[in-house]
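Colleague: One structure follows; several queries about it will come next.
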Amino acid sequence: MVDVMESPKVRINASMLAQFIDQPVCFVGRLEKIHPTGKMFILSDGEGKNGTIELMEPLDEEISGIVEVVGRVTAKATIMCASYVQFKEDNHPFDLGLYNEAVKITHEFPQFFPLGVVQYG
Amino acid sequence: MSKNGFGSYGGISAAGGAVGSNDPPSQGRAALAFKSIRYRSRIQEIIPCCVNQLLTSTVIDNVFMIRGIEVSQVSIVGIIRQAETAENYVLYKIDDMTTKPIKVRQWVGRDRAKQGITLLPVGVYAKVLGILTCSAEVKSLEVLKIRVLEDMNEFTTHILETVNAHMILDKAASGQSVPVVSSEMDEAQMHSEYHPDFIRKEVLRLIHECPQQEGKSVCELQTELSNLSIGTINQAIEYLTVEGHIYPTVDGEHFKSAD
């Protein structure tokens, strides 16, 4: 099992989930809902579309605002979360729309923002 | 420093001092003309990159190349995954998701080391400006500046700046010029008599044809070109002075043609 944390992770938005099944990805979105079990939450991306994030263990803290999730895309096009980071928005609100544009640009020009090759074994 | 404009990315020029001249610069427009002469000097540029570009760069004789472009001073933005202190340096591992984390070394003077170094927290995004180095085939950064991001939008702009900078450098390296998008307003102006070029030609012509020794006065120009505003005429005069077509004579209000 390749360690997601050491692999390169593609930055994606919700529309791209289906194209990256089984690959390590990085998803940034605004927290919309947390499932009562605490093992699943929903983030909305810069285009307003939702991505479902699943956890191995339930959340042990309150999360809110913008969250960056690192994990692997499941066959159901959800993300199995390996780790997450909350973005500080105390001083400046995060422009999710602009981030979405940046993600699309990195996919349009992969030669100028290259992603590493996934190492196996 | 984090928001470099890359509009003219081929070389960052420094404003040089005034070019030596025998005429004492008079006030106003002439003084502006001398100050605006620029020199191109070899200033080291800081190139925004992603970690993968740094780790996959080729290195020959301590010269690092990314896609055929020489890089030395770079900036990256990523999460601090690890922070450790050693005797006179701090070692961080920065991860921007494009590949495995890169080692980043911040040298600390022995005095400061004795006082105790405050480590930056792990798990937060930071911006690093550093110099690319390679030792035992492992590439790392020597830190010039490292700081935690207070505004996460800087992280987005770093991604945009990286793609932009590498695109421009790529085009410059392959010899193409960066296409300049002409606005619609320029197109409309081209066909009207109020286009700056046309006005400048008129102003220059009137100054050139003036037989007086002290040259043409701005007042006369305003009278003769009554359909143009004072501001427009002044702009034309400034342009012609900077380009060297005219020069001031007795005061800042009289000009002669240099041709």
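Here's the yes/no breakdown for (1) modelled with pLDDT under 95; (2) within 12 Å of the chain's Cα centre (by Cα):
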{"residue": "A:Ile34", "(1), (2)": "no, no"}
{"residue": "A:Leu43", "(1), (2)": "no, yes"}
{"residue": "A:Ile53", "(1), (2)": "no, yes"}
{"residue": "A:Glu68", "(1), (2)": "no, yes"}
{"residue": "A:Ile79", "(1), (2)": "no, yes"}
{"residue": "A:Lys88", "(1), (2)": "yes, no"}
{"residue": "A:Asn91", "(1), (2)": "yes, no"}
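Colleague: Check whether at least one residue in the stretch B:126-133 is loosely packed, with under 15 Cβ neighbours inside 10 Å and away from every other protein chain (no Cβ under 14 Å), and report yes or no.
Modeller: For the stretch B:126-133, residues loosely packed, with under 15 Cβ neighbours inside 10 Å and away from every other protein chain (no Cβ under 14 Å): absent.
Colleague: Can I ask one more? Considering only residues that are surrounded by 24 or more Cβ atoms within 10 Å (Cβ to Cβ) and touching a helix residue (DSSP H, G or I) at 6+ places or on another chain (Cβ under 6 Å), which ones fall in the stretch B:85-99?
Modeller: Within the stretch B:85-99, B:Asp96, B:Thr98, B:Thr99 meet the criteria.
Colleague: Considering only residues that are in contact (Cβ under 8 Å) with a residue 12 or more places away in the chain and more than 14 Å from B:Leu141 (Cβ to Cβ), look in the stretch B:67-80 and name the one that is surrounded by the most Cβ atoms within 10 Å (Cβ to Cβ). Spell out how you get there, then give the answer.
Modeller: Within the stretch B:67-80, the subset in contact (Cβ under 8 Å) with a residue 12 or more places away in the chain is B:67-69, B:71-80.
Add one more test, that the residue is more than 14 Å from B:Leu141 (Cβ to Cβ), and what stays is B:67-69, B:79.
Details: B:Arg67: 16, B:Gly68: 10, B:Ile69: 16, B:Ile79: 21.
Of everything passing the filter in the stretch B:67-80, B:Ile79 is surrounded by the most Cβ atoms within 10 Å (Cβ to Cβ).
Colleague: Given the conditions (1) over 23 Å from A:Val70 (Cα atoms); (2) hydroxyl-bearing (Ser, Thr, Tyr); (3) within 12 Å of another protein chain (Cβ to nearest Cβ), which single one is not true for B:Thr98?
Modeller: (1)
Colleague: Taking the options A:Ile42, A:Ile12, name whichever one is in contact with a helix residue (DSSP H, G or I) (Cβ under 8 Å, 6 or more places away or on another chain), more than 8 Å from chain B (Cβ to nearest Cβ) and of a type in the set (Val, Ile, Thr).
Modeller: A:Ile12
Colleague: Continuing with this model, one more query. Only one of A:Leu55, A:Leu59, A:Leu115 is within 12 Å of chain B (Cβ to nearest Cβ) and not β-branched (Val, Ile, Thr). Can you tell me which?
Modeller: A:Leu115
Colleague: Ok, one more. Among the residues of the stretch A:32-51, which ones are buried (at least 17 other Cβ atoms within 10 Å of the Cβ) and over 20 Å from A:Lys76 (Cα atoms)?
Modeller: A:Gly46
Colleague: Considering the stretch A:62-101 alone, what residues qualify as being within 11 Å of chain B (Cβ to nearest Cβ), touching a residue at least 60 places away in the same chain (Cβ under 8 Å) and of a type outside the set (Phe, Trp, Tyr)?
Modeller: Across the stretch A:62-101, the qualifying residues are A:Val70, A:Ser83, A:Leu96, A:Asn100.
Colleague: Same structure, new question: Looking at (1) surrounded by 10 or more Cβ atoms within 10 Å (Cβ to Cβ); (2) at pLDDT below 85; (3) not aliphatic (A, V, I, L, M); (4) not in a loop (DSSP other than H, G, I, E, B), which one does B:Glu187 not meet, given that it meets all the others?
Modeller: Answer for B:Glu187: the failing condition is (1).
Colleague: Can you pull out every residue in the stretch A:15-39 that is away from every other protein chain (no Cβ under 14 Å) and in a strand (DSSP E or B)?
Modeller: A:Leu31, A:Glu32, A:Lys33, A:Ile34
Colleague: What tally of residues in the stretch B:50-64 results from selecting those that are assigned to a strand (DSSP E or B) and more than 14 Å from every other protein chain (Cβ to nearest Cβ)?
Modeller: As a first pass, look at the stretch B:50-64 and keep what is assigned to a strand (DSSP E or B): B:58-60, B:63-64.
Those left that are additionally more than 14 Å from every other protein chain (Cβ to nearest Cβ): B:59-60, B:63-64.
Going through the stretch B:50-64 one residue at a time, the tally reaches 4.
The values are calculated or read from the model by the stated rules, or taken from the named source; none is laboratory data. Not measured: the values here are computed from a predicted model. Heads up, the Cβs are rebuilt from the backbone with ideal geometry, glycines too, and the neighbour counts pull from every protein chain shown.
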